[in-house]
Structures are given as structure tokens and as C-alpha cells.
Amino acid sequence: MTLAAFVREVKINYLRYHSPVHQGETSMRITRTLASLLLLAFAATLSASHPYRAQPGWGDIGREWGSTSAVYTTPEGNVWVAERCGENTCVGHDDLDNIFLFDSDGNMLKSFGAGLITWPHGIHVDRGGNVWVTDARGDNNGRGHQIHKFSADGELLMSLGKAGIAGEGEDEFNQPSDVYIAPDGSIFVADGHGSSGNNRIVKFNADGDFLMQWGSTGREYGEFRDPHALAMDSNGRLFVGDRGNNRIQIFTQQGEHLETWSQFGRPSGLFIDDNDMLYAADSESNLTWGFNRGYLRGIYIGSAIEGFVIHHIPDPNQDPDNAGTTAAEGIAVDKDGNLYGAEVGPEQIVKYTLRGLRE
């Protein structure tokens, strides 16, 4: 067995089945230290061999980009992005569109959203081509803390939550981070940006009627600290990027906990493609945000079915003391296998193409 294969086996078998919740004993701490050393070698091996080439500064919106964590692709190969109006908020910029559609070359096809959203955070495109955007903050003008559903032409079709009101009721949100629409039309919302938020998953039917919720603040299975991203595999399992706990939790659509994975870093963004490949964006494995021992920031790529990590695209800035969020926070993949990383700190979209293919 090669070193890379050995590291791979140790990483998967140790971290897949050992949540940080249950690692308090002295013997486990010793084992975790050894695993951390192996993880550093593992990440370096994957980072050196990944097949992607970065194209920073992708996409032209006719002005300077602001922060963005929201990117999603369409079956046709186009790319939707929600951006924060040239800075890190759309408050005070009611004249600027903040939702954009691009072709794969970065040419803008359409835009809308001016005056509707304060802090676009998560985005999803459903099977009907509708665009769902989470507004994860509020302002003094009765906006924010909502989920908005738009047609592909920008018509507002539905809003969930009470405009401008942060709450914990069945029809309220407190900084909702992400939204995902299941094949049957069910709406899942990751509610609670930051570890002090609601820390729950809320489920609605296709008409926006409340069905159920699960989760609370904590580190046990089914609890969350900053549920930041959602994705679903071909088996209908819901993946939750439990960022503050440095893990992915996997559930049935009825909220039953199935598995907890730690091998995909500290997940800010998740995407699962039609081949059940899982892409996880880690923008915060550093000392400022709660150092995720043994992990490097960047994009982790692996099987959503088996949990094996096969590639890691490193963050160019690997300073563990860096105070900001860097590299991709949102992640999406198009029909040709190109990756799109939405970056909050660097304020850009980075496109990743397979080496040897035309960008």
C-alpha cells in the first residue's frame, strides 16, 4: 500500500465514524493527534495532484464585484450568482441588481433583484428553473430574514418568512443561510447563520406550508452550530454543512440522522452533481474561526455515496492565522464538470476547469 493510500484509509475510517462529539477521552485525543499529522500529509498529497486550473475574476457584471457566497448551475450549463452590491451588503444600494445569470464563459445574460434583498447568502435552482435566494440579514426598511422564489425572468413568485423580522416561529427565520428544493417540491431551509442562531432545518411543502423542523444548538447528532449549506444525493438524503461543528450531517427527508462525516473539512458550501460527486467548500479552517485540526482550506471533492475524498483544491492563502474567510464559500458544478467558487473575502467568482480542456 502506498503512503497516499494508507493516509486515505486512515482518514476515511477514522473521521467518518468518529464525530468530535465523542472524542473526549485521553486515548482518543492521542489517536486524534496522530490522525491530524496524517491528515496534513493527506491534504498535501491531494492538493498536489488535483486536476483543476483556476480562472480568478470570472464573470462581468459591468461594475466591481462585491462579496458572494451564492452560486448555482442550470442543466443547460448556465450559472446563477447572487452578489452583495459591490461590497458586503446591499443595504443602501437599492438601485443595483444583485442576482445574475451567466453563460459558462462569464457573459452576463440577465440580472434582477435591485431593492429586494439585503444580504444574499444561499441560492438554489429548482427543476422548473426557478431561482431561490436566502436573505440572511435584515434592515430597518422591512426587508431580510426571508427566502425568495423568483422565476428565471426575475418575477417574485413566493416569499417565506416575515419581512425584516428575525424569529423562531414556523413562519419566521433568523438569518437563513441556504435553501434546497427536493424533487417532490419540498422546501428545506438551513436556518441560522452563526452559532447563536436558530440552528435548525425547516421543511415546507411546495406551496410554502410548514411541515416540520429539527435541530437545536449543540454538537450531538442532529444538533447544529451554523447550518450553512444544503445538498441532496440521488438517494434523497439531505446533506447539511454543519460549519461550526466542522462536519457534514446526513439525514432522511424526515429529519432522521443517518451519518456524520468530518472528512470534507469545515463546510461553508455543498454541491452534489448528477454522478453523486460531493463538492465541499472549506473557507474557514483557521485559528480565527475555530481551527479544524489537520485540514487545509479549499475545495474537497469525493463520493457522496461512499464518503471517499479524491481531490482537494487548496486555498492559495493557507495562513492559519488569517482573520478573514478566503477561497470559495459557495460551490457549484456545471454539466461539463467545471467548478465555480463564490468567494466572500476576495469578492469574486473563480472558475475551475479540468487541465487540458478549453476554458
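The values are calculated or read from the model by the stated rules, or taken from the named source; none is laboratory data. The structure presented is a predicted model; accordingly, all values stated were derived computationally and were not measured. Counting neighbours? That spans all protein chains shown, and the Cβs are built from the backbone with ideal geometry, glycine included.
A few comments on the model shown:
- Any pair with Cβ under 8 angstrom, 6 or more apart, that starts in segment 241-259 at a residue that is touching a residue at least 24 places away in the same chain (Cβ under 8 Å) and on the phi > 0 side of the Ramachandran plot and ends at one that is assigned to a loop (DSSP other than H, G, I, E, B) and surrounded by fewer than 20 Cβ atoms within 10 Å (Cβ to Cβ): Asn246/Gly290; Gly255/Gly222
- For segment 131-157, taking the residues that are of a type in the set (S, T, N, Q) and over 19 Å from the mean Cα position of the chain (by Cα), the one that is surrounded by the fewest Cβ atoms within 10 Å (Cβ to Cβ) is identified as Asn140.
- The listed residue being modelled with pLDDT of 95 or more and more than 25 Å from Asp336 (Cα to Cα), out of Asp126, Asp105, Asp135: Asp135
- Residue count for segment 127-139, restricted to those that are in contact (Cβ under 8 Å) with a residue 24 or more places away in the chain and either over 30 Å from Glu76 (Cα atoms) or not in a strand (DSSP E or B) (or both): 6
- Cβ-Cβ under 6 Å pairs, at least 6 apart or on other chains, segment 199-224 side within 19 Å of Gly244 (Cα to Cα), far side among the β-branched types (Val, Ile, Thr) and surrounded by fewer than 16 Cβ atoms within 10 Å (Cβ to Cβ): Arg219/Val21; Glu220/Val21
- Set side by side, the residues Gly345, Gly265, Gly302, Gly290 differ, and just one is at pLDDT 95 or above and surrounded by 15 or more Cβ atoms within 10 Å (Cβ to Cβ), which is Gly302.
- Test: residue in segment 320-337 that is of a type in the set (D, E, K, R), at pLDDT below 95 and closer than 23 Å to Ile123 by Cα: no
- Those strands (runs of 3 or more DSSP E) lying entirely in segment 43-89 with at least 2 residues of a type outside the set (S, T, N, Q) and either closer than 16 Å to Gly113 by Cα or free of Cβ contacts under 8 Å to residues at least 60 places away in the same chain (or both): 70-73, 79-82
- Qualifying residue in segment 251-258 (condition: under 22 Å from Gly192 (Cβ atoms), of a type in the set (A, V, I, L, M), at pLDDT 95 or above and assigned to a strand (DSSP E or B)): yes
- Residue identified as surrounded by fewer than 16 Cβ atoms within 10 Å (Cβ to Cβ) and under 16 Å from Glu256 (Cβ atoms) among Met232, Met212: Met212
- Residue tally, condition aliphatic (A, V, I, L, M), assigned to a strand (DSSP E or B) and surrounded by 23 or more Cβ atoms within 10 Å (Cβ to Cβ), over segment 90-123: 2
- A Cβ distance below 7 Å, combined with a sequence gap of six or more or placement on separate chains, defines the contacts here; from segment 140-167, residues that are of a type in the set (Val, Ile, Thr) reach residues that are outside any loop (DSSP other than H, G, I, E, B) and buried (at least 16 other Cβ atoms within 10 Å of the Cβ) in the pairs Ile147/Trp132; Ile147/Thr134; Ile147/Leu160; Ile147/Pro176; Ile147/Val179; Ile147/Val189; Ile165/His145.
- Selection status of Glu172, within 23 Å of Val91 (Cα to Cα), exposed (fewer than 14 other Cβ atoms within 10 Å of the Cβ) and modelled with pLDDT of 95 or more: no
- Of all residues in segment 185-195, at least one satisfies being surrounded by fewer than 24 Cβ atoms within 10 Å (Cβ to Cβ) and modelled with pLDDT under 95.
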